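See structure below.
Taken together, the values in this text are just the output of simple stated rules run on the coordinates, not laboratory data. Model, not experiment: these values are computed from the prediction. All Cβ positions, even for glycine, are placed from backbone atoms using ideal geometry, and neighbour counts span all protein chains on display.
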Amino acid sequence: MGLFDGKKGLILGVANDHSIAWAIAQEIMSQGGVCGFTHLPDRPDDARKRNHRRVSLLTDKCESAKFLVPLDVTNDENIAAVMSRAAEEFGKIDFLLHSIAYASLDDLKRDTIETSRDGFKLAMEISAYSLLAVANAARGILSDRSAILTMTYYGGERPVPGYNVMGICKAALDSCMKYLAYDLGPSGVRVNALSAGPVRTLAGRAAGVDDMLALYERMAPLGRNITHEEVGRTGAFLLSDMSDGVTGDILHVDAGFNIMGSPGRLLDEAPPQ
Ligand SMILES: NC(=O)c1ccc[n+]([C@@H]2O[C@H](COP(=O)([O-])OP(=O)(O)OC[C@H]3O[C@@H](n4cnc5c(N)ncnc54)[C@H](O)[C@@H]3O)[C@@H](O)[C@H]2O)c1
């Protein structure tokens with residue numbers, strides 16, 4: 001008996017085998033769930049269709065992966081096409097994972113105060129507004145006891161130098177998640193966010209994860225970093241009926257880093273003079 005026996009859903013945001021969305025999808029599929037996947041559309045001049053290929057290399061091997069379609073969340077027609085495909089394949093869906101973020105490297109590298117107007121708009125559209133757009137488009141196919149999950153980071157709650165404009169996007173995303181939880185509550189749909197500690201992924205690297213890994217290892221109560229598998233298990237939990245009384249919440253999977261009010265054991269290494 002698996003936690004996801006008989007459950008169907010959408011996984012948005014797999015780029016490759018390091019993606020957090022892939023870790024969560026793997027856990028769901030190992031527990032009996034079936035999934036539809038999306039990939040970032042390939043540029044017309046990319047004859048090798050690299051975005052599609054990187055994801056299909058993973059999904060082609062899985063019987064529980066039922067389809068793979070392109071999705072650019074800045075395009076409403078794309079979003080509608082994904083929902084039509086899900087309706088065709090599954091009828092109703094029981095879970096929807098939104099694991100999508102983007103900001104230009106130029107903006108991520110700048111001090112937040114220098115964020116460009118266009119860069120801000122694009123980062124917000126892809127990283128925060130898209131949760132509303134996707135949830136709204138999915139309304140007609142979400143089952144009575146379904147769950148939506150988005151991926152966030154602590155840099156939306158407190159300034160994390162280097163995370164910059166993405167921190168502002170995560171604050172907006174957290175708020176979108178809570179308003180959605182209110183809007184969709186009467187339909188029985190739950191909406192939550194998982195706040196992951198740093199893990200090495202494509203987006204993570206752009207957002208400065210490498211520097212954060214060493215810090216978390218020293219400061220987090222557990223004295224280590226988290227694994228993809230840990231994010232996968234908690235993500236699956238929040239998308240399953242096991243969390244059926246939880247909505248509008250942010251669950252931290254960060255080895256406890258977010259509870260710290262001082263650098264903790266990091267001080268033992270370099271005591272203040
Ligand atoms: N890696 C970390 O340390 C970490 C920590 C906390 C939260 N997160 C969040 O987890 C989520 C997934 O990121 P990840 O770390 O797995 O990296 P990733 O690069 O594997 O995933 C990011 C995904 O966003 C997709 N995406 C970007 N622009 C898009 C668009 N316009 N339309 C559709 N999809 C688009 C990419 O194709 C990719 O699949 C993000 O929201 C990220 O902010 C990551």
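Can you work out the base-10 log of I(q)/I(0) for the chain at q = 0.11, 0.14, 0.15, 0.16 1/Å, using the Debye formula on its C-alpha atoms alone? With no solvent term, the Cα-only Debye profile gives -0.60, -0.98, -1.12, -1.27.
Of the complete DSSP H runs in the chain, those spanning 20 angstrom or more by Cα along the long axis with a mean Kyte-Doolittle score not below -0.5 are 76-90, 164-184. Compared with the alpha-carbon gap, the fully stretched path from Asp249 to Asp17 is longer by 80.8 nm at 0.36 nm per residue.
Ordering Ala81, Ser104, Gly119 by Cα displacement along the dipole of segment 79-148 toward the positive end leaves Ala81 in first place; charges were set at the Cβ atoms of Lys, Arg (+1) and Asp, Glu (-1). Qualifying trypsin sites (Lys or Arg not before Pro) in segment 1-104, where qualification requires a DSSP coil assignment and no more than 11 other C-beta atoms within 10 Å, comprise Arg48, Lys61.
Remark on segment 51-181: hydrodynamic radius 16.1 angstrom, per the Kirkwood mean of 1/r across alpha carbon pairs.
Could you pull out the pairs from Lys8/Lys61; Lys7/Lys92; Lys8/Lys49 whose alpha carbons sit more than 21 Å apart here? Table pairs above 21 Å Cα-Cα are Lys8/Lys49. Positive contributions from Lys and Arg (+1) and negative ones from Asp and Glu (-1), summed over other residues with Cβ under 14 Å from the Cβ of Asp174, come out at +1.
With only the Cα atoms considered, segment 13-118 has a convex hull volume of 141 Å³ per residue. Using the Cβ-Cβ distance between Arg145 and Ser84 with R0 set to 30 Å, the FRET efficiency works out to roughly 0.85.
Computed from the C-beta positions of Ala206 and Asp76, the FRET efficiency with R₀ = 35 Å rounds to 0.85. Considering only Cys62, Cys35, Cys169, the Gaussian network model of the chain with Cα springs below 10 Å gives its largest mean-square fluctuation to Cys62.
If only the Cβ of Lys and Arg carry +1 and only the Cβ of Asp and Glu carry -1, the dipole of the chain around its Cα centre is close to 240 debye.
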